[in-house]
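Take a look at the structure set out below.
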Amino acid sequence: MEESAKIFIVEDEKHIARFIQINLEKAGFKTAIEHNGRRAYERIIQEKYDLVLLDVMLPEMDGMEICKKVREISDVPIIMLTARDEIKDKVEGLELGANDYMIKPFASEELLARIKGIIKRRREVRRQEENHFIIGDMILYPDRYEVKVGGEPVELTHKEYELLIYLVENKNHVLSRDQILQQVWGYDYFGNTNVVDVYISYLRTKIDDRFGKKYIHTTRGVGYVVRD
Ligand code: CA
């Protein structure tokens, strides 16, 4: 289960803010509330929120100005909350970079649907952008030290993971034992060069043998290579 998103409710009408908060928390979101515009701006840029609900009319700094200033430095999703007679605000808000708008009063189901839609799209984009390698059924996330084969997570030690990443980064290129040793164990490694063969055998046990595939190939007299 993914961690619940944190929604920042910026609304000076306290009963409305509280009403939104109750509904969001009931739906499993984390929330924070701010009634003052200037403090809201400061909190948006200092704290980490997954989405901001931003009222337009606020004390000290209005929602439009907040949106404009936040967009100079952050792409946090923003849904503007505008009153019915402030339709021009909606256009201006979107021009300033708000992702969506809601006209008050709104049904909490509608607000929840918009929030869920934005957060879902954003998580999908993040997932696609995240650095990863795909070799056949194997997918590696170097930033997270994670590897999955056919969707199944594989438990590797740190060294095993570094070795696998090095092989995968050089997919289809045969790497010599010396190259692997220098890259994965470092130039000042004084141990036995057999360590490479030993770790290759660990990886084969955990990946090739377990999943009945052949990713790690030996090129006799040269070294090792990962192939699709
Ligand atoms: Ca207001």
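The values are calculated or read from the model by the stated rules, or taken from the named source; none is laboratory data. Remember, predicted model here, so these are calculated numbers, not experimental data. A quick note on method: Cβ atoms are made from the backbone with ideal geometry, for glycine too, and the neighbour counts reach across all protein chains shown. Side chains included, ligands, DNA and RNA excluded: accessible areas come from the protein's heavy atoms. Shrake-Rupley method; radii C 1.70, N 1.55, O 1.52, S 1.80 Å.
Couple of notes before you dig in:
- Beta bridges by DSSP in the range 41-195, antiparallel share as percent, to the nearest 5: 50 percent
- In summary, the chain shows an alpha-carbon radius of gyration equal to 1.48 times the 2.2 N^0.38 Å reference for compact globular proteins.
- Interatomic Cα distance distribution for the range 20-73, bins of 5 angstrom, percent: 4, 18, 31, 23, 15, 8, 1
- Per residue, in Å², the accessible surface of the chain once ligands and nucleic acids are set aside, probe 1.4 Å: 56 Å²
- Span from the the range 149-228 Cα centroid across to the the range 1-20 one, whole angstrom: 48 Å
- Most mobile of 80, 64, 138 in a GNM of the chain (Cα contacts under 10 Å): 138
- Each label point was placed 7 Å from the Cα along the Cα-to-Cβ direction; for residue 171 and residue 61 their separation is 4.5 nm.
- Backbone N within the range 163-194 under 12 Å of label point (7 Å from residue 222 Cα along the Cβ vector): 172-177
- Long-range amide H partners of residue 81 with built H, under 5 Å: 54, 55, 56, 102
- For residue 116, the lysines whose Cα comes closer than 28 Å to its Cα, not counting residues fewer than 8 places off in the same chain, are 6, 14, 26, 30, 48, 68, 69, 88, 90, 104, 148.
- Helix axis angle, 158-169 relative to the chain longest principal axis, alpha carbon, degrees: 90 degrees
- Helix 194-203 and the longest principal axis of the C-alpha atoms of the chain enclose an angle of approximately 50°.
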